[in-house]
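For reference, the structure discussed in these notes is given below.
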Amino acid sequence: MDFVETNALFEPVAVPFSAPLLAAAKATKSRERIVSLDVMRGFVVIGMIVVNTIAFSSLSYGYSPASRLLAHASWAGFTFADFVFPAFIFMAGFSVAISLQHTRFDWQTVCRIGSRTTILFALGFVLTNITWFAQSDEWRWLGVLQRISLCYLATALLFLSCGPRARMILSLSLLVLYWPLTLLPVPHAATNLLVPGANFVSWMDRTVLGAHAMVTGAHGYDPEGLLSTLPAIAQCLLGASFGEWFLKTRGTNNALSKLAAAGAIALLLGLLWSPFFPVVKNIWTSSFVLVSSGLSALLFCTFYWILDDRKYRLRGSVFLEAFGMNALFAYAIQELAQLVPAAGDMHAIGSASLKMDVPVLVANFPVIAFILILWAPLELMRRRRWIVKL
């Protein structure tokens, strides 16, 4: 992990996906800061933190969120909670396009990509299991940061070694071929994509990961499992294609509207596919990829039109920017914050408040306070242009 202070106008905001930091003078000449990229990433990572915090409190203390959108769909379905992680994967691909657009594909670059992948995977493994190490039969191999690391590895190598058309064909092929893969027969059970765990992808997780999957038992699975990483890689490649297209066309007429149209088409295709291939986050179905990618593209285009094109300053955009500039660092410290002794009390207070029928804002105060506590050091880092590279 490197800690860098810089006054350059622009640094790749997706810290683990960026190339080594350039000298300030060189970066100033070659890059223009994209405020909307920071804000979009900040919006997504705050969403991930809120959703994770609520999920932890729900499992531990019976907390019930004020809106069902803040809780994951039980299986098939799509909520805001289901949107934030795939949006992060999509924006990770976008960041690969920005950081590697002028990078040579050589052994040094491969080693740097491999090193960052290893560090991110190892960090994810530690954070996923930090409270479970005393119980060796309950730890997990995979998790959020592990999936991000694998998607980054595949996307970065393919971005450097293949052309845009080849990468697009590969990503779409992964999405199409994943559908019959999920429908392969499961030994001693019927396949039904609407039933949790009743599919080949989940069976593979149970067979290979065993007790080290997130959900165990006869219908167990891992939401960041083995085969479901393939469509996640496809989503990261789609993000890279979107980012590459954006960088090449943003100075032309109607570029933003064309990008938004591409996002709308992806969203529509995902919705049209969903009756046949349901939207299921836990196995990262292809319809789920298209719906979430389309929404991510539309949201980014909205942020870009407001913040970079029209130069409006939205209230709260600086708050989001602080999280976006050090997105994975923010995610990592919120995972570590769960170990603070007072964290359990905050979750318990929120749960008890809801049971007493107090106003929603009061009941959710522990979550709001947690976000503000995380924001304070991140805002200091934003003002001083400190970037933590994982």
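Take the residues of region 189-211 that are surrounded by fewer than 18 Cβ atoms within 10 Å (Cβ to Cβ) and among the hydroxyl-bearing types (Ser, Thr, Tyr): which is nearest to Leu226 (Cα to Cα)? Only one residue fits best here, namely Thr207.
Of everything listed in (1) under 29 Å from Ile119 (Cβ atoms); (2) loosely packed, with under 14 Cβ neighbours inside 10 Å; (3) of a type outside the set (Phe, Trp, Tyr); (4) at pLDDT below 85, the single unmet condition for Arg384 is (4). The requirement of being within 28 Å of Leu174 (Cα to Cα) and basic (Lys, Arg) is fulfilled somewhere in region 277-287, by at least one residue. Residue by residue through region 203-254, note down the ones that are at pLDDT 95 or above and outside any helix (DSSP H, G or I). Correct list: Tyr221, Asp222, Pro223, Glu224, Gly225, Leu226, Leu227, Ser228.
Exactly one residue among Ser257, Ser293 is modelled with pLDDT of 95 or more and either on the phi < 0 side of the Ramachandran plot or of a type outside the set (Ser, Thr, Tyr) (or both), and that residue is Ser293. So, in region 318-362, of the ones that are of a type in the set (S, T, N, Q) and within 13 Å of Trp375 (Cα to Cα), which residue ends up modelled with the highest pLDDT? Looking at the filtered set, the residue picked out is Asn326. When Leu153 is tested against (1) buried (at least 21 other Cβ atoms within 10 Å of the Cβ); (2) closer than 30 Å to Val279 by Cα, only condition (1) is not met.
Would you call Ala213 over 18 Å from the mean Cα position of the chain (by Cα) and over 22 Å from Gly143 (Cβ atoms)? Before you say what the answer is, go through the steps one by one.
Working: over 18 Å from the mean Cα position of the chain (by Cα): yes; over 22 Å from Gly143 (Cβ atoms): no.
No: the conditions fail for Ala213.
Of everything listed in (1) in contact (Cβ under 8 Å) with a residue 60 or more places away in the chain; (2) on the phi > 0 side of the Ramachandran plot, the single unmet condition for Met168 is (2).
The values are calculated or read from the model by the stated rules, or taken from the named source; none is laboratory data. Keep in mind the model is a prediction, meaning the values are calculated, not measured. Note that we place each Cβ from the backbone using ideal geometry, even for glycine, and neighbour counts take in every protein chain shown.
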